[in-house]
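Beneath this line is the structure, given in structure tokens, with notes to follow.
The values are calculated or read from the model by the stated rules, or taken from the named source; none is laboratory data. Keep in mind that this is a model prediction, so the values were computed, not measured. Don't worry about glycine lacking a Cβ; one is built from the backbone with ideal geometry, like all the others, and counts go over all protein chains shown. Heavy atoms of the whole protein, side chains included, go into the accessibility calculation; ligands, DNA and RNA do not. Shrake-Rupley method; radii C 1.70, N 1.55, O 1.52, S 1.80 Å.
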Protein chains: 2
Amino acid sequence: MSLGEFELIDRFFKRPVQRAVLGVGDDCALLQPTPGMQLAVSTDLLVEGRHFLSTVDPARLGHKALAVNLSDLAACGAKPLGFTLSLALPRADERFLAPFAQGLLALADRHQIELVGGDTTAGPLTIGITVFGEVPPGQALLRSGARVGDDIWVSGWPGEARLALEVFRGTLALGAEDFAQARLAMECPEPRIALGLALRGLATAAIDVSDGLLGDLGHVLRRSGVGAELALARMPRRALLAGQLAAVQRIAWLTGGDDYELLFCAPEGADAALQAIATQTGVPLHRIGQVLPRGAGLRVLDEQGSPIDLTQLAGFDHFKS
Amino acid sequence: MSLGEFELIDRFFKRPVQRAVLGVGDDCALLQPTPGMQLAVSTDLLVEGRHFLSTVDPARLGHKALAVNLSDLAACGAKPLGFTLSLALPRADERFLAPFAQGLLALADRHQIELVGGDTTAGPLTIGITVFGEVPPGQALLRSGARVGDDIWVSGWPGEARLALEVFRGTLALGAEDFAQARLAMECPEPRIALGLALRGLATAAIDVSDGLLGDLGHVLRRSGVGAELALARMPRRALLAGQLAAVQRIAWLTGGDDYELLFCAPEGADAALQAIATQTGVPLHRIGQVLPRGAGLRVLDEQGSPIDLTQLAGFDHFKS
């Protein structure tokens, strides 16, 4: 890339900082965390052709690149502070950079966080983001806190993003409106920051659904040393998912990733408190199962209450594709 | 990549955390910064074929990937706290991963910091690191604080790394021992953390020399709104550089990057304090010039005291190559 191309990139991403002490342009960015708070950090690397298609709308790509990182903060109950962006670009193309920056910074603005540092280089299209947030000591939501008897909850309408993936794979046909809705779920997930903050002190464990609901629940179970039972009959579904064949619903719901909803455990009897949080945050919450002793493993009951054979389901694993 | 390959990667990088509250394996890592301190953050993305050769020793690559990030903390006078690593790998090759992790973690151990989070994916070899450090409010070394009359100092023996680059480019021949020394400077730079900490409250401005001494000094001058004069006669050189043609020395010293030495400004008369710091840290420090009013621009005097024509020098810019 030429110097002019780097100036072009600066033009889209460089803005005066409002909250950080010092932003882009020195050796380091400087932030002033609230004294005594713990710092929560997460990082994600997105590679073209693996995490996103070359045909994706750059504005949505900018949104999603930040959203998947903010989602990790949400799953910890952390309040976002700022983020860094590393970009490898084959070329500095204004038609890509302008909407990409717009989508990225619009989401940052909505969460009142700033891009505090970055690095840009020529290379195969790769997006690296590291986010920082803060959380009071001992209040972070971890994967390891689930207790036998807890209820298992999920936010939003998980599974819809998976329908879009299946359309791109050519294994599913959807009408134009349904496809647009599924694609929005896949390309524009909303990080559940407000929900994560509200769950502090209430949820015993949490994770965001990125690789598939069953797989992500499995991480919680392993770390917590417990088992679980989910009921397909409790699966939240809107018209989009309800309109699909039962087998498609099951795959989408249990193995669909990329929705970035929060999956969490809470003590039995927290329904009223959680429904109040759902109203306050505008995010629907559904109770979908229960934490069992470790020996129970992970089982899923079908609509008739019979255990289904999970070996038939292959988790969505973008590393295997 | 297969699940087995990811387990292989985990094996090399996953270690129990000692200082962080929570390390790799949850949605976020948790760190407990010292209450009231500012957080310094820097990020770098290294792409194969651009920032490093495919033939580089993986242990040295691991060292350098972290070193260039720690160098940014050093240039700010920040104390390292931890780092995240994002890796895109064409394949999980143990012969690469084992020495890469060893080189990376050995440097981390020496600076008592931990790998607190990361992301691994299949893709063209790309290394993204984000480092965090802390610094008392108002004490960070910035690029913007240089004042007219300040002396300009540099650490170590800048220019040696550039000789190795020229050998790889085929424009310079060195004997085996000289090449080994130059290559060590290029591949194993030492981040000047202890020096950066010692310069707090003394240096008025600082930057690390990554893109070339003149170019990096230019950043300081622009941000500080000043000019400067450097004297080639004061250029620090050991036998390796002193043994080259005068023209090669000049190019290596003025435009050589990749040494990751600190270039800093300090008030006139700080020589004794700085020589004490050099002794304490074991890093040689040399006074190489003076800060002048902005109108003077940037000028370099040759060994006879005559200004040299800087338009003849092309800064080392890996984005243009």
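At a glance:
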quantity: Listed residues B:231, B:247, B:78, most fluctuating in chain B (Gaussian network, C-alpha, under 10 Å); calculated: B:247
quantity: Cα principal axis extents for the protein assembly as shown, largest first, Å; calculated: 93, 46, 41
quantity: DSSP bridge pairs, chain B: antiparallel proportion in percent, nearest 5; calculated: 75 percent
quantity: Calculated from backbone phi, Karplus (6.51, -1.76, 1.60) coupling profile of the range B:125-133 in Hz, x at Gly/Pro; calculated: 3, 9, 10, x, 10, 10, 10, 10, x
quantity: Computed over chain B: relative contact order in percent, which uses C-alpha pairs under 8 Å that are six or more apart; calculated: 22 percent
quantity: Apportionment of accessible area to carbon and sulfur, the range B:3-135, percent (1.4 Å); calculated: 51 percent
quantity: Gyration tensor verdict on the range A:88-216 (Cα atoms; rounded if a/c is under 1.5, prolate if a/b is larger than b/c, oblate otherwise); calculated: oblate
quantity: From phi via Karplus (6.51, -1.76, 1.60), per-residue ³J(HN,Hα) for the range A:151-156 in Hz, x at Gly/Pro; calculated: 7, 10, 10, 9, 8, x
quantity: Teacher prompt: residue A:271 distances to equivalent labels in other copies, 7 Å Cα→Cβ, nm; calculated: 8.2
quantity: FRET efficiency estimate (nearest 0.05) - Cβ-Cβ, residue B:184 to residue A:14, R0 41 angstrom; calculated: 0.70
quantity: Cα Rg, Dmax, the range A:151-305, angstrom units; calculated: 15.2, 45
quantity: Between 0 and 90°, nearest 10: helix B:246-255 axis offset from chain B longest Cα axis; calculated: 60 degrees
quantity: Choice from B:162, B:223, B:143 showing the highest fluctuation, given a GNM over chain B with Cα pairs closer than 10 Å; calculated: B:223
quantity: The range A:156-216 - Rg over Rh from alpha carbon coordinates, Kirkwood radius; calculated: 1.08
quantity: Solvent-accessible area lost in complex, 20 Å² minimum, residues of the range A:107-134 relative to chain alone, 1.4 Å; calculated: A:119, A:121, A:122, A:124, A:126, A:130, A:132
quantity: Principal-axis tilt of helix B:271-281 within chain B, Cα atoms, nearest 10 degrees; calculated: 30 degrees
quantity: Residues residue A:95 and residue B:202, FRET efficiency given R0 of 41 Å [Cβ-Cβ distance, rounded to 0.05]; calculated: 0.30
quantity: Of all accessible heavy-atom area on the range A:199-273, the percent that carbon and sulfur account for (1.4 Å); calculated: 51 percent
quantity: Two-site FRET efficiency, residue A:313 against residue A:242, from Cβ-Cβ distance with R₀ of 25 Å, rounded to 0.05; calculated: 0.80
quantity: Nm distances between copies for residue B:136, ranked from closest, using label points 7 Å along Cα→Cβ; calculated: 2.9
quantity: Residues along the range B:71-103 losing 40 Å² or more of accessible surface when the other protein chains are present rather than the chain by itself (probe 1.4 Å); calculated: B:76, B:86
quantity: Accessible area in square angstrom per residue, the protein assembly as shown, 1.4 angstrom probe; calculated: 38 Å²
quantity: Structure-based [θ]222 nm, the protein assembly as shown - -39500 (n - 2.57) summed over DSSP H runs of at least 4, per residue, nearest 500; calculated: -10500 deg cm²/dmol
quantity: In the B-A interface, the accessible area buried, summed over both sides, Å² (probe 1.4 Å); calculated: 4800 Å²
quantity: Quarter of the Cα convex hull surface for chain B, i.e. its orientation-mean projected area (nm²); calculated: 17.1 nm²
quantity: Label distances, nm, residue B:53 versus same residue in remaining copies, Cβ-directed 7 Å point; calculated: 4.1
quantity: The range A:234-321 pair-distance distribution - Cα-Cα, 5 Å bins, rounded %; calculated: 2, 10, 18, 22, 21, 16, 9, 2, 0
quantity: Most fluctuating residue given options B:158, B:293, B:236, as computed from a GNM of chain B linking Cα atoms under 10 Å; calculated: B:293
quantity: Compactness of the range B:25-114 as Cα Rg over 2.2 N^0.38 Å, two decimals; calculated: 1.18
quantity: Cysteines, the protein assembly as shown, no other Cys beta-carbon under 4.7 Å; calculated: A:188, A:265, B:188, B:265
